[in-house]
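*Asks:* Got a structure here, written out as structure tokens. Questions coming.
The values are calculated or read from the model by the stated rules, or taken from the named source; none is laboratory data. Everything numeric here is computed off the predicted structure, so don't read it as measured data. Using ideal geometry, Cβ is built from the backbone for each residue, glycine included, and neighbour counts are taken over all protein chains shown. Surface accessibility is based on the protein's heavy atoms, side chains included, excluding ligands, DNA and RNA. Shrake-Rupley method; radii C 1.70, N 1.55, O 1.52, S 1.80 Å.
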Amino acid sequence: GCSTAKTASKGNAAGKTIKIGVNMELSGAAAGYGNSQKQGIQMAVDQINKNGGINVDGKKKKVSLIIRDNKTSTSTSASVAAQLVNKDKVNAIVGPATTNAGTAQIPNITKAAVPSVSPSATDPNYTLQKSGKVQPYVFRACYQNNFQGSTAAKFAYTNLKAKRVAVLADNSSDYGTGLAKAFKKAYKGKIAASQYFQEGDKDFNAILTSFKNKKIDAIYAPGYYSEIGLIVKQARQAGINVPIIGSDGMADPKLAQIAGNENATNVYYTTPFSTRVANQNGTAKKFMKAFKEQYNEEAPTFSALAYDSVYMIKKAIENEKSADSAKIAEGLTKIKNFDGVTGKITIDSKHNANKPIVVETLSNGKVSAATEIK
Amino acid sequence: MRTILKVDSLVKKFGGLTAVSNVSLQLKEDELVALIGPNGAGKTTVFNLLTGVISQTSGTIRFREKEDLISLNNKKAYQIASLGCARTFQNIRLFKNMTVLDNVLVAMTNQYKEGFLKSIFRFPSFYRTEDEILKKARDLLAIFDLDKDMYKLASNLPYGIQRRLEIVRGLAMQPKILFLDEPAAGMNPEETADLTRLIRKIQKQFHITVLLIEHDMSLVMNLAERIYVLDQGKMLAEGTPSEIQQNKAVIKAYLGEEG
Amino acid sequence: MQIFFQQVINGLSLGSIYALLALGYTMVYGIIKLINFAHGDIYMLGAFWGYYVINVWHFNFMLALLSAMVVCGICGVIIEYLAYRPLRHSPRITALITAIGVSFFLENGMAYLFGSNARDFPQVVKQVNYDIGGVRISNIQLEILITSCVLMLILQLIIKRTKMGRAMRAVSVDNAAAELVGVDLNRTISFTFALGSSMAGAAGVMIGLYYNSIDPLMGLTPGIKAFVAAVVGGIGSVPGASLGGFLIGLLETLVQSIGLSAYKDAVVYVVLIVILLIRPMGIFGKNVKEKV
Amino acid sequence: MNTLIMVGMIDSFIENMLVTIWINIILAVGLNLIIGFAGQFSLGHAGFMAIGAYTTAIITQKTVSIGGFYVSFIVGMIIAVVAALIVGIPTLRLRGDYLAIATMGAAEIIRIIINNMKITNGPAGMFNIPQFATWPIVYVIMCITTIITVNFINSRGGRVIKSVREDEIAAEAMGINTTKWKLAAFVLGAVTAAIAGSLHASYLQTIAPNDFGIMESISILIIVVLGGVGSVTGTFLAAVVLGILDTVLQDFGTLRMVIYAAALVLLMVFKPSGLLGTWEFSIRRLFNHIKRRSV
Amino acid sequence: MEVKNLVVNYGVINAIKGVSFEINEGEIVSLIGANGAGKTTILKSISGLLKPTSGSINYLGRDIGKKKAPDIVAAGISHVPEGRHIFPGLSVKENLQMGAFLQKDRQQIKESMEEVYEHFHILKKRENQDAATLSGGEQQMLAIGRALMSKPKLLLLDEPSMGLAPIFINKIFEIVEAIKQQGTTILLIEQNAKKALSISDRGYVLAAGEVKMDGTGAKLLGDPAVQRAYLGG
Ligand SMILES: Nc1ncnc2c1ncn2[C@@H]1O[C@H](COP(=O)(O)OP(=O)(O)OP(=O)(O)O)[C@@H](O)[C@H]1O
Ligand SMILES: Nc1ncnc2c1ncn2[C@@H]1O[C@H](COP(=O)(O)OP(=O)(O)OP(=O)(O)O)[C@@H](O)[C@H]1O
Ligand SMILES: CC(C)C[C@H](N)C(=O)O
Ligand SMILES: [Mg+2]
Ligand SMILES: [Mg+2]
């Protein structure tokens, strides 16, 4: 508990600066995602501070970041969260990246009434209690799996006219399996084969070869660019030229680099964040440019989501005119049509981030089209 | 005197090598017998067969259990040991990182029960058993002058004392037979003489059968009532020390001119 | 049938990588009885070295491969010198923990310096697919297969035919005795590390080229698989490690091709345990007899 | 302790750290029994931990009551015993590193099965597990398991398993059924791991298959070796030292694991037999010491 | 060879407390003493298996005290260690070949091996057997044979007769004398002090890490104190 708080209200009251804690996978299996997110967060906070800080009821307050590593471990994530809310007295938390680490911090932040926004925890139940009621302090900036999975299913059946697909999903986190489940549920055609791989796998030749005589029209491969890039590469080299459909974990320029540009053709993925759309969306354009300047590479999706997470917190503070943690939580629930890098975000009653979804098409490694799916 | 151990036509082959070929021998209760023979004759192998460390190619080993001679074929080493066969090893095999006392206590494992629950919850009866067994071990160690080193690690003892501890550990099993493999190896004449007295004392006090392997003739000739001589896996001779000392074949194969 | 042969090719190319890594494990284990947990990370270093020299110094593939072997060999020697040599007379489990520490250090140190994201490996060799009766094999696959086999042969020759090889075998059974006949312990152990690590370096560059994606944690899984391969083949035995590597590669491929990909690793471990139960020292392992 | 919490000295952060340390102690004491005392090199501890954790998660989610929690505890232990027998009977014949690899494989098999089961919710893991394992419960159970383990070590059974560790052939020659005793130690260790797993799941309220991978087994092993193989006191000390180190290093962000790794290597190089070697704290000895002093 | 003020510690244990002695070319010198007197420790220090804490070991004018074992072997000193330390897992033949590790001349290696087999017929019979499975005595012979393979100028023997049958013990002493005839210098440790001293040119009596007495073999054999303590009355 927080016995030192003067006010009767719960949570951590704001001090001279607004403290944002980061509970992130900076080492361990998900370090790659965590570090991308850290970059996005850092950039957002730098920008905010350069502009004088966040406007809290007329006064501008600077943001200070407290970044802690949870090693991609649930128990460390819980301990990191406890440290952030109790010792560091943060007003809000960004992170963690994964659902597993994310759920582990919920008891501690709930006790302390400090809200968290995860840039990428995608399990549908992440924001829910067991009873189905919403977790009061848990928010996310990304889609939940069901939404993306069913969108991909619709796209495959209707737009690509694929009647038989093979599913090849990442079996080491909820992301791949969750999306695969949602896809299978919504897909009207026939699932001709269903196989799994593990994070860190490099050789998919055996699985792809086994797809070869299954007469498939497409492959649905939910997972992250590091593996899907290899899948695309190896599929094309094995002579499998059917469309490969995936999810926002692929929305990264590295995908085409790993797959090789000539192979990254006829590849589709669902994403909120499209470089195509970015050209029309001012916020995204600015972000992309700033990111490239600062880090000298194309912005990955994870950085964009993390960047948005920080700005969602900023928005909540401005709306509530308070940076007390409990207030921020309230403010987050009220976010509507927030103009984020990853689209216009509205937080729904289940604390999910609703935003438009597009399917991007890659041809020769470049995004050649973006189809909005309603 | 009844026969306690009866071995008939024992054979052990290692690949193409017949290490023990058609060996028969008998031990009577309370007897002190030596097994000698040139290096590589198969003595240690015989011990290993008798104590179940390895299993024979053919032949039978029978051991007295009350009124009957029961077969030890196919019995595991720990089962044979539980029947009352203790041994020492040519290369000392003490429990090095345990205390002298614990070495002896382990040997007494099968002489007391200490239920799992009793020991983890420390029922009063646990302490009773523990005290009893401790006293027994201590008494035994005292007989061999080892009680002062009781809490030392076995590995910290001088070589000669380690050999002695191995014998005590064997005795702690309350065996009917004790097999000693080169107990005097690495000892100087003084220590060997000590050991000779010790073995005689054991045999008197505990009434057990002893079969020993040894190359030190001063010890063998002083102690043994009977001697078996093994050569190239075969039984070369059997007899009293004086008979053996006169035996031409034994002199040629083993003792040498001075023997 | 075509599919079957294709799968065999797939399995062999996967297996050759495991085999190459397993060789380093088996040698180091054979000589100082240490599960060199950092071995997989040396392979990662090799891949990153290749990445840099090709990108920055524009080395060609062969040069990148050879230089990676040299650099990794040196790394192996340094690691042995700093982290394992001081523990030569300590319990083996202590050295194992140090090896784990070294592994963590390399992984996280590289992640710290270069970021933990996957990056694409420069494609210096253009991939060409050959189609033989419907079975596809690429020049890179062939290259990996051939390079692995050649390296294994060289290794076997070194161990069986050279003086250093004899010294290695002597040290592996009793290092005091080895010293007494004039074997230089430190030199021999360093040499073993150099040799084993350079194999890992070669594997790293080849993998980089083949899969086109490298990251600081890339050594973890193959490292463990390779160790399993070494154990299956009989640790300490060079042909055993190769056989074990190919076996596991084929096995994984088989399991995936019949649709059990979710249980790929489980099946590998089941087979491992079964093999150990039948042959506790691995397929080619020497059963060290203990004379009582 | 309770009073400390009352006066606010112990916030949930300290509590978290302590509970993590305690659970690690349970795990490491059990593993030390297997490795340090019975001399069997097992690398599969996380597998048994997973069994306890998932049993508790599944049962307490169905029956949300403290009774359900204790039932899950017992059930977890029973499943762990069965699993330990299945794993142990064949593999404990193996020696040294071969055993380590086999047990590691067995633990991975357990994890992969859990990863692919419906009832365990696959790789997403289980969350919203009701919290019954509060810190006092974890503390008490940590004490009980330690006392039981230490009492076992200091009894007939303990002496026997140590003799098996020292020399199997000699132990057999003492009439000891080495297979049986190795198995006994292995099963006892597995049971403590299951207990720790139950507590872990119930305290943290979240578990996922990835929590129980090879790396978890290794981190328990690190505690054991760092403390001193064969020293329960050392295990305690190492768990505390590593627990604190881990918390302190949180401040270092990305550098955290680099520092940790370097610290680990340095500790081992300069203290090869662990922090305490095989030294044990003993009240009796302390007592004697004080007595001798005062005389 | 000349050893001066040799001090050797095992951690905190001071095993050798300043021992000096010398061996002249072509001699047999015995070290005798009770268990734990420090005989083995001295031998290990000479052959480089242990690092002396202080003192010097001078061999043919060079200080070898700080040299490593392989260099010492190369200098012509060969050690038959206590506990044999043969190579288990290698065959008898391979063990002997290892003994000639630093030897280059193949023909000579072959001859040396024949010579060893000449001394120990049984080794020839066991030529291809795994050394680990040899009987105790056979292992002892192998250890001696292996040391001879390097054609040493100085041979260090640590209890060579341990575990050997009486007939072989005599044989061993014969061999030792034969080796001496070939010009090899020998430093011998024996429990069987009587035999050892009787073939030795000189001997040193060691107790608790210090030299207590020295003299010719015959003198020590005749000394009543030595007789009482080490010769079994
Ligand atoms: N496991 C084994 N495999 C192969 N040969 C073996 C094995 N064990 C023993 N031998 C061989 O069997 C023969 C007898 O060995 P054993 O150890 O019984 O001799 P011993 O009479 O005890 O000799 P010593 O007096 O030298 O100890 C030896 O030639 C030995 O090489
Ligand atoms: N590795 C070691 N660590 C600690 N102390 C040792 C070690 N080796 C020997 N010692 C001690 O050093 C002293 C001398 O031992 P050493 O082995 O040289 O005696 P020795 O004269 O060869 O005896 P033995 O006749 O039994 O072979 C002994 O007190 C012994 O306990
Ligand atoms: C960053 C990703 C690995 C996180 C994943 N979407 C999850 O929810 O677990
Ligand atoms: Mg023998
Ligand atoms: Mg000695």
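*Asks:* Within chain D, which whole H helices from DSSP have a Cα span along their axis of at least 18 Å and a mean Kyte-Doolittle hydropathy of -1.0 or more, if any?
*Replies:* Helices meeting the criterion: D:12-32, D:45-62, D:66-91, D:96-115, D:135-153, D:178-204, D:214-227, D:232-249, D:256-270.
*Asks:* Given 25 °C and 0.890 mPa s, compute D for the stretch D:1-293 with the Stokes-Einstein relation, Rh being the Kirkwood radius over Cα pairs; round to the nearest whole µm²/s.
*Replies:* Roughly 125 µm²/s, to the nearest whole number.
*Asks:* Measuring from centroid to centroid over Cα atoms, what is the spacing of the stretch D:81-120 and the stretch B:99-160 in Å?
*Replies:* 35 Å
*Asks:* Which of the lysines could a cross-linker span from B:Lys136 if the Cα-Cα distance has to be under 21 Å and same-chain partners fewer than 8 positions apart are dropped?
*Replies:* B:Lys113, B:Lys118, B:Lys148, B:Lys152, B:Lys176, B:Lys201, B:Lys204, D:Lys162
*Asks:* With the crude spin-label approximation of a point 7 Å out along Cα→Cβ, what separation in nm comes out for B:Glu243 versus E:Glu111?
*Replies:* According to this spin-label approximation, the distance is 5.1 nm.
*Asks:* Counting protein heavy atoms only and a 1.4 angstrom probe, how many square angstrom of accessible surface do chains A and C bury in total, to the nearest 100?
*Replies:* The summed interface area works out to 2600 Å².
*Asks:* Mind pulling the angle between the C-alpha long axis of helix C:92-114 and the longest principal axis of chain C? Nearest 10 degrees, somewhere in 0 to 90.
*Replies:* Taking Cα atoms only, the helix is inclined about 40 degrees.
*Asks:* Run down the lysines and flag those whose C-alpha is under 27 Å from the C-alpha of C:Lys160, throwing out any fewer than 8 positions away in its chain.
*Replies:* Correct list for C:Lys160: C:Lys33, C:Lys225, C:Lys286, C:Lys289, C:Lys291, E:Lys68, E:Lys93, E:Lys104, E:Lys110, E:Lys124, E:Lys125, E:Lys151.
*Asks:* Then there is this: Multiplying the sequence separation of B:Thr57 and B:Asn110 by 0.36 nm and subtracting their Cα-Cα distance, what value in nm do you get?
*Replies:* 16.1 nm
*Asks:* Can you find, among D:Ala170, D:Thr145, E:Pro160, the residue farthest towards the positive end of the dipole of the protein assembly as shown? Put +1 on the C-beta of Lys and Arg, -1 on that of Asp and Glu.
*Replies:* Most positive-ward Cα: D:Thr145.
*Asks:* So, one more: Top mean-square fluctuation among C:Leu157, C:Leu145, C:Leu23, Gaussian network model of chain C, C-alpha springs under 10 Å?
*Replies:* Most flexible of the set in this elastic network: C:Leu157.
*Asks:* Could I ask something else about it? Report the trypsin sites (Lys or Arg not before Pro) located in the stretch B:109-163 that are in a DSSP loop and have at most 16 other Cβ atoms inside 10 Å of their Cβ, or state none.
*Replies:* Those satisfying the criteria are B:Lys113, B:Arg122, B:Lys152.
*Asks:* Moving to a separate point now. List the GluC sites (Glu not before Pro) within the stretch E:107-185 that fall in a DSSP loop (any state other than H, G, I, E or B) and whose Cβ has at most 15 other Cβ atoms within 10 Å.
*Replies:* Answer in residue order: E:Glu127.
*Asks:* Efficiency by 1/(1 + (r/R0)^6): what FRET value for D:Ile169 and D:Gln131, r their Cβ-Cβ distance, R0 = 51 Å, to the nearest 0.05?
*Replies:* For R0 = 51 Å, the calculated efficiency reads 0.55.
*Asks:* Taking the Cβ-Cβ separation of A:Asp348 and C:Lys126 as r and a Förster radius of 45 Å, what is the calculated FRET efficiency to the nearest 0.05?
*Replies:* E between A:Asp348 and C:Lys126, to the nearest 0.05, is 0.35.
*Asks:* Report, to the nearest 10°, how far helix E:166-181 tilts away from the longest principal axis of the Cα atoms in chain E, using its own Cα long axis and a range of 0 to 90°.
*Replies:* 80 degrees
*Asks:* Could you tell me which trypsin sites (Lys or Arg not before Pro) in the stretch B:34-71 are loop residues by DSSP with no more than 16 other beta carbons within 10 angstrom of their beta carbon?
*Replies:* Sparse-neighbourhood loop trypsin sites (Lys or Arg not before Pro): B:Lys66.
*Asks:* Also, I was wondering about something else. Run the simple label-point estimate for D:Ile74 and B:His207 please: 7 Å along Cα→C-beta, distance reported in nm.
*Replies:* 5.2 nm
*Asks:* Ok, one more. Express the carbon and sulfur contribution to the solvent-accessible surface of the stretch D:1-293 as a percent, rounded to the nearest whole number, probe 1.4 angstrom.
*Replies:* 70 percent
*Asks:* Next question. Relative to the Cα centre, what is the charge dipole magnitude of the protein assembly as shown, using +1 at the beta carbon of each Lys and Arg, -1 at the beta carbon of each Asp and Glu, and rounding to the nearest 20 debye?
*Replies:* Result for the protein assembly as shown is approximately 3300 debye, rounded to the nearest 20.
*Asks:* For E:Lys219, go through the lysines and keep the ones whose alpha-carbon is under 22 Å away, minus same-chain ones fewer than eight residues off.
*Replies:* Once the sequence-local lysines are set aside, what remains near E:Lys219 is E:Lys39, E:Lys180, E:Lys194, E:Lys195.
*Asks:* Next up: May I have the extent of the alpha carbons of the protein assembly as shown along their three principal axes, as whole Å values ordered from largest to smallest?
*Replies:* Cα spread of the protein assembly as shown along its principal axes, largest to smallest: 112, 74, 63 Å.
*Asks:* Return the percentage of antiparallel bridges among DSSP beta bridges fully within the protein assembly as shown, rounded to the nearest 5 %.
*Replies:* Antiparallel bridges: around 55 percent, rounded to the nearest 5.
*Asks:* Still on this structure: From the phi of every residue in the stretch C:126-137, what ³J(HN,Hα) in whole Hz does the Karplus formula 6.51 cos²θ - 1.76 cosθ + 1.60 yield, where θ is phi - 60° and glycine or proline is x?
*Replies:* Whole-Hz 3J(HN,Hα) from phi for the stretch C:126-137: 6, 7, 10, 9, 9, 10, 10, x, x, 9, 9, 9.
*Asks:* Which distance in nm do the two modelled labels at D:Val82 and D:Ile147 give, with both placed 7 Å along the Cα-to-Cβ direction?
*Replies:* 3.1 nm
*Asks:* Taking the Cα atoms only, what angle lies between the long axis of helix B:189-206 and the longest principal axis of chain B, rounded to 10 degrees?
*Replies:* Helix B:189-206 sits roughly 70 degrees off the main axis of chain B.
*Asks:* Let's see if you can work this out: charge +1 on each Lys and Arg Cβ, -1 on each Asp and Glu Cβ, no other charges. What is the dipole magnitude of chain A about its Cα centre, in debye to the nearest 20?
*Replies:* 860 debye
*Asks:* Take chain B, mark every one of the GluC sites (Glu not before Pro) that falls in a DSSP loop and has at most 13 other Cβ within 10 Å, then report the longest stretch left between them, sites excluded.
*Replies:* Answer - B:68-256.
*Asks:* Can you give me the convex hull volume of the Cα atoms of the stretch C:13-218, divided per residue and expressed in Å³?
*Replies:* Dividing the Cα hull volume of the stretch C:13-218 by its residues yields 119 Å³.
*Asks:* A further question on this structure: Among the DSSP beta bridges whose two residues both lie in chain B, what percent are antiparallel, rounded to the nearest 5?
*Replies:* 60 percent
*Asks:* Of A:Gln129, A:Gln234, A:Gln39, which has the largest mean-square fluctuation in a 10 Å C-alpha GNM of chain A?
*Replies:* Top of the fluctuation ranking is A:Gln129.
*Asks:* How many angstrom lie between the C-alpha centres of the stretch D:11-40 and the stretch C:146-198?
*Replies:* 41 Å
*Asks:* How large is the charge dipole for the stretch A:1-158, taken about the Cα centre, if only the Cβ atoms of Lys, Arg (+1) and Asp, Glu (-1) carry charge, to the nearest 20 debye?
*Replies:* Here the size comes out at about 580 debye.
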